[in-house]
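Okay, structure first, notes after.
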Amino acid sequence: MTIHIPGLIAIVLFYVLILGVGLWAARKSKQSGETADSENVMLAGRNIGGLVGIFTMTATWVGGAYINGTAEIIVRDGLVWCQAPFGYALSLIFGGLFFANKMRSEGYVTMLDPFQYKYGERMGGLLYVPALLGEVFWTAAILSALGATLSVIVDLDSKTAIIVSSCIALFYTLIGGLYSVAYTDVVQLFCIFLGLWISVPFAMTNEAVHPITVNATENWVKSLDPTYTWMYMDSMLLLIFGGIPWQVYFQRVLSSKSAFKAQILSYVAAFGCVIMALPAVLFGAVAASTDWNHTSYDGPLPIPSERLNLILPMCLQFLCPDFVSFVGLGAVSAAVMSSADSSIFSASSMFSRNIYKCIFRQKASEKEILWVMRVAIFGVGLLSTVMAILVTSIYELWYLCADLVYVVLFPQLICVIYVKFSNTYGSLAGYILGLFFRLSGGETAIGVPAFIKYPGFDYENNAQLFPFKTISMLISLITIVSVSYPLKYAFETGIFPRRYDVFMCIVNIPDESIALAARDGPGEMTSIVDSYKDINGKINPALKFSQDDLIGEVNASGVIHSPPEKLAQ
């Protein structure tokens, strides 16, 4: 194997640039001495400005899998099935409309905070599982994509590329937290946009490429088979609403200077997602319009299905001059790192705050939390790197985790924000049923057979054509509501004795839970008090807790008054 030295030099220079920016941004992070502040590290002091915020919010979804996958789907199934750019853009719009303002206004630190405040620490820990798996598998998938890309263009061993890229992302993330992640996103997104747009004209004008406007409908636009209409809608809804309950998104929302700015960033980033997908769409159209016999490509033709995930690096390699392909390679590398560091940091933030601090060490110091977060960053990065090297079906695993985020987490997020009477009993029931119906639908990509065959089941391909993922999500949502309200009513009216409130979330609220919620800040306390209201909107008289433990006092309407002398405590 011969390594392309110019390409290797280009990659090294790019990595040095990213590392330099990450270390420069780390100076803002308060990770040592008397100023150690875990919230500052996790949310960059809630001081992310407009330009940096737009770039880092856009980079939430624009990664290596996003760029490579967009080009791949154009060649494989046509533009009509290129749902990700539009689906994720709409997810940012809906996230901004319905969730960004409420989450930022309450002053939460992670996406799991409202769940733990309302449903308890252990239920929040259970909800951490699909969130963690989604982030780990996503990181592993994009690191694997980078290794494959480098092996195509630079002839560099994919394992070496994966390890080096992971180590660099881990290093500046460990040192600078969200500051480093956000500022490197600016450089990385700029490299993606510039690198791909520079490469597109060379690929389109290659003599082996036919004009993409000729027979476009047959070559790369294609049409939707009516048989797959319901599946198509199911996939689009999954992208739109399953793209909301991710910590990588809410970390940007919660780091914004205000709730209004968090919404604006979401809307602008939605536009950015579509813009960043355009060069990848053009590469897909070019690949579908190329006579590969007239290129230096010497592999089997037509290109095998298992190699279509490399179609974008193949275009860079065989349709562009070397110096251009190396620029494009920098763009793909940037896309990978912009997503890898975000996912690793997001999973680690939730672990240090919502698992370690809330469940195991409620009195942990700021320095202790920061050290736990560093260990978690290293652990999540190591796990993702090992999976990227050893596991061959990472994309399939991530698809399944993305389904679980949609089916399990999205209805939970709706209820914890909008359904005031929802409680731990409904949350747990919805979690179990949603998970059951999703797994019962099967997953051919990882060999899980369908236990429930919904209407229109395709026996030939062993595939569900019915929108069973959306149905599973709705079952989970309906279950949370239909279990929460009757139990809340039964406990508050005395139908069920209070001793049966084993989860201590309706009438057996522990005094220390109230006090802990109050100490975490007035925003969070507002949500807690709302959850203690009875079915008539009054503070439930059955609740036994000491007003003296509260920072502020709760009146009969559930409004918190926070006298200056108590806040000073």
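Scanning region 123-140 for residues that are buried (at least 24 other Cβ atoms within 10 Å of the Cβ) and more than 13 Å from the chain's Cα centre (by Cα) turns up Gly124, Leu127, Ala140. Yes or no: region 387-398 includes at least one residue that is of a type in the set (Phe, Trp, Tyr) and either in a loop (DSSP other than H, G, I, E, B) or within 23 Å of Leu238 (Cβ to Cβ) (or both). Yes - at least one qualifying residue is present in region 387-398. On the basis of being among the aliphatic types (A, V, I, L, M), crowded, with 24+ Cβ neighbours inside 10 Å, assigned to a loop (DSSP other than H, G, I, E, B) and at pLDDT below 95, does Val62 make the cut? Against the criterion (among the aliphatic types (A, V, I, L, M), crowded, with 24+ Cβ neighbours inside 10 Å, assigned to a loop (DSSP other than H, G, I, E, B) and at pLDDT below 95), Val62 qualifies. Given the structure, is Val200 within 29 Å of Val75 (Cβ to Cβ) and out of contact with any strand residue (DSSP E or B) (no Cβ under 6 Å at 6 or more places or on another chain)? Yes; evaluated as a whole, the condition is true for this residue. Scan region 361-372 and tell me whether some residue there is closer than 18 Å to Leu133 by Cβ, in a helix (DSSP H, G or I) and touching a helix residue (DSSP H, G or I) at 6+ places or on another chain (Cβ under 9 Å). Checked region 361-372: no residue is closer than 18 Å to Leu133 by Cβ, in a helix (DSSP H, G or I) and touching a helix residue (DSSP H, G or I) at 6+ places or on another chain (Cβ under 9 Å). Only a single item in (1) closer than 24 Å to Ile93 by Cβ; (2) surrounded by fewer than 20 Cβ atoms within 10 Å (Cβ to Cβ); (3) charged (D, E, K, R) is not met by Arg252, and it is number (2).
Of the residues making up region 205-231, those that are touching a residue at least 24 places away in the same chain (Cβ under 8 Å) and under 33 Å from the mean Cα position of the chain (by Cα) are Asn219, Trp220, Val221, Lys222, Ser223, Leu224, Thr227, Tyr228, Trp230, Met231. Going through (1) part of a helix (DSSP H, G or I); (2) surrounded by fewer than 18 Cβ atoms within 10 Å (Cβ to Cβ); (3) free of Cβ contacts under 8 Å to residues at least 40 places away in the same chain one by one, Arg438 falls short only on (2).
Taking residues in region 273-302 that are touching a residue at least 12 places away in the same chain (Cβ under 8 Å), and partners anywhere that are among the charged types (D, E, K, R), the pairs with Cβ atoms closer than 8 Å and at least 6 places apart or on different chains are Gly284/Glu72; His294/Glu207. Across region 223-255, the number of residues qualifying as closer than 16 Å to Phe98 by Cα and not in a helix (DSSP H, G or I) comes to 4. Checking region 466-473 against the condition returns no match, with no residue being surrounded by 17 or more Cβ atoms within 10 Å (Cβ to Cβ), at pLDDT below 90 and out of contact with any strand residue (DSSP E or B) (no Cβ under 8 Å at 6 or more places or on another chain).
Residues in region 169-189 that are surrounded by fewer than 22 Cβ atoms within 10 Å (Cβ to Cβ), over 18 Å from Asp37 (Cα atoms) and modelled with pLDDT under 80: 0 in all.
Residues being over 22 Å from Val62 (Cα atoms) and either assigned to a helix (DSSP H, G or I) or aliphatic (A, V, I, L, M) (or both) are represented in region 190-203 by at least one member. Looking only at region 208-217, decide whether some residue is of a type outside the set (Phe, Trp, Tyr), modelled with pLDDT of 80 or more and part of a helix (DSSP H, G or I). Scanning region 208-217 turns up at least one residue that is of a type outside the set (Phe, Trp, Tyr), modelled with pLDDT of 80 or more and part of a helix (DSSP H, G or I).
The values are calculated or read from the model by the stated rules, or taken from the named source; none is laboratory data. Here the structure is a predicted model, which means the values were calculated and not measured. As a convention, Cβ positions derive from the backbone with ideal geometry for all residues, glycine included, and neighbour counts pool all protein chains shown.
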